[in-house]
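Asker: So that we are looking at the same thing, I have put the structure below in structure tokens.
The values are calculated or read from the model by the stated rules, or taken from the named source; none is laboratory data. Owing to the predicted nature of the structure, the values given are computational and were not obtained by experimental measurement. Please note: Cβ atoms are built from the backbone with ideal geometry, for glycine as well, and neighbour counts cover all protein chains shown.
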């Protein structure tokens, strides 16, 4: 084996090991943040739960704020790729969908999966926002990004003439933003123990009724 191949092999092993360590840290951090809250969770607790040294943890994440931000970001998008929600293929497909009902169905499917992964962590940032400026900034940024995604969808629906006559794109986005909020997800999925299917079906039906103009019924054909 040449030196070049050996170096590439060692580099690949180090990269894979670092990724596995980050994943272990994220898993431990997410569990502790959700169970104990942001303020009560310490970096020492995370290191111990993840089975890594504190120096290893601080080398990867220099502060608790950085650790929480990374953990939430990966939970939100589902991977470590630097692609924001608005640019994810599923969200682009919903915006470009010619069938308005299908567009809402795709948006709901993506949002439900996102909230099932990240909703509890989002609520941690919301609950900590009152006493921590960094968490306030994170909660505000997340809320703004969510509304932007909703507005992009409702503008596309408006351009297709699909919104109800009494709605403009901004009002429709406000309704969507409220309906797919982590707060409502928390109430129905965590407090009332709705299943994922029940929550998703209800959300899809409700948004369709709230946003879209009624379709004229098909005219029955006469004759034999």
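Asker: Confirm whether residue 107 is under 22 Å from residue 75 (Cα atoms) and at pLDDT 95 or above.
Answerer: yes
Asker: Starting from region 157-168, take each residue that is modelled with pLDDT of 95 or more and list its partners that are not in a helix (DSSP H, G or I), counting only C-beta distances under 6 angstrom and pairs at least six apart or across chains.
Answerer: 157/163; 162/212; 164/213
Asker: Related question: Tally the residues that are within 29 Å of residue 164 (Cα to Cα) and not in a helix (DSSP H, G or I), restricting the search to region 73-112.
Answerer: Matching residues across region 73-112 total 4.
Asker: Mind listing just one residue for me: the one in region 32-46 that is under 17 Å from residue 127 (Cβ atoms) and buried (at least 16 other Cβ atoms within 10 Å of the Cβ) and, of those, nearest to the chain's Cα centre (by Cα)?
Answerer: 33
Asker: Follow-up. Which one is nearest to residue 69 (Cα to Cα), of the residues in region 84-113 that are crowded, with 17+ Cβ neighbours inside 10 Å and touching a strand residue (DSSP E or B) at 6+ places or on another chain (Cβ under 8 Å)?
Answerer: The qualifying residue nearest to residue 69 (Cα to Cα) is 104.
Asker: For residue 140, all conditions in the list (1) within 28 Å of residue 25 (Cα to Cα); (2) in contact with a helix residue (DSSP H, G or I) (Cβ under 9 Å, 6 or more places away or on another chain) hold save one; what is the number of the exception?
Answerer: (2)
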